[in-house]
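Undergrad: I have a structure here, written as structure tokens, and I will follow up with some questions on it.
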Amino acid sequence: MPITTCGAVSVHHEETGAGPTIVWIPGTGLYGRSWSPQTDHFSDRYRCLTVDLRGAGSEGPLDALTVAELARDVAEWMDAVGVGPAIVVGLSLGSAVAQELALARPDLVHALGLVATWSSTAREHHIRRHFESRLYALENGPLDVFAQFAFWMSAPAVVDREPDLQREVETLLGEYTSRNPPGTAAHFRADLSHETRDRLGTITCPTLVVHGDQDLITLPWYNRAVAEAVPGARLEIVPDAGHLVWLERPAELNRLLDDFLAEIAADLAASRGSG
């Protein structure tokens, strides 16, 4: 399990496969290996690097942690291990980190995949109240009570109609979730700091935005706002999926990412051929 020291932060990542590099950034309180349903699919054609964020698998100061600081961690780690430009795929908090990474270090980002995303916690009040409520529960009550409210991340269609899938998803989520309350609290505070709406228009790399049609956390119109703000971004919607789209409908998400990456490869080949 490689550990890279980047200033005061020790960044942990795991690597599988070979080929063009994809950096996978996880969501709030999740380990990088939470992307296993995707890396298992892509590692036969791509070099897949799953990175742990500070507070969940990577270690460093947690006080006043922001999305921009997490993006700086990822950038310094990519520089240290010689990765980039890469395809960068982020989920929820990871998608916010990916946005900041593309804005601050466009030289490191060949293309962006933003899964279950948003762009303005200050203006998108529903998600702000979600983060505030989860943070309050985490810091003021027992962990088992805090955990009970994770079901809001599931698609209502899965909860109501696919109980076996719901049990499987909850089991996987438990395996992929950090048991570090201070780190998870720091992640929620970073979520509350996220603000990129007015800067997304400067992102120039190919960008895919994907969300579940029943995402009750990063609401569909939050994702649409990101896709509309990033020039040329593609928006895709996964039916009967919630905030846990990568676990609930992995085959559909993988297909959308496959199509996007194939298009990027085709465009790159065409530009090389005409150069």
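Every number in this text was worked out from the coordinates using simple rules, so none of it is lab data. Just so it is clear, the model here is predicted, and its values are computed rather than measured. Ideal geometry is used to build each Cβ from the backbone, glycine not excepted, and the neighbour counts take in all protein chains shown.
Undergrad: Efficiency by 1/(1 + (r/R0)^6): what FRET value for Asp258 and Arg224, r their Cβ-Cβ distance, R0 = 22 Å, to the nearest 0.05?
TA: My answer for the efficiency is 0.45.
Undergrad: Dipole of the chain, Cα-centred, from +1 at each Lys and Arg C-beta and -1 at each Asp and Glu C-beta, to the nearest 20 debye?
TA: Using only the charged Cβ atoms, the result is roughly 480 debye.
Undergrad: Compute the FRET efficiency between Asp164 and Ala266 as 1/(1 + (r/R0)^6), taking r as their Cβ-Cβ distance and R0 = 30 Å, and round to the nearest 0.05.
TA: Computed FRET efficiency for Asp164 and Ala266: 0.20.
Undergrad: Report the Cα-based extents of the chain along its three principal axes, largest first, to the nearest Å.
TA: On the principal axes, the chain reaches 60, 45, 36 Å in Cα extent.
Undergrad: Let me ask you something else. Check every DSSP H run in the chain and write down those whose alpha carbon atoms cover 24 angstrom or more along the long axis and whose mean Kyte-Doolittle hydropathy is -1.0 or greater.
TA: Membrane-span-like by this rule: 250-274.
Undergrad: Follow-up question, since we're still on this one. Relative contact order of the chain: what whole-number percent is it, with Cα pairs under 8 angstrom and at least 6 residues apart?
TA: Relative CO of the chain lands at 20 percent.
Undergrad: Is any residue of the range 174-206 close enough, with backbone N under 20 Å, to a label point placed 7 angstrom from the Cα of Gln148 along the Cα-Cβ axis, and if so, which?
TA: The answer is 174, 181.
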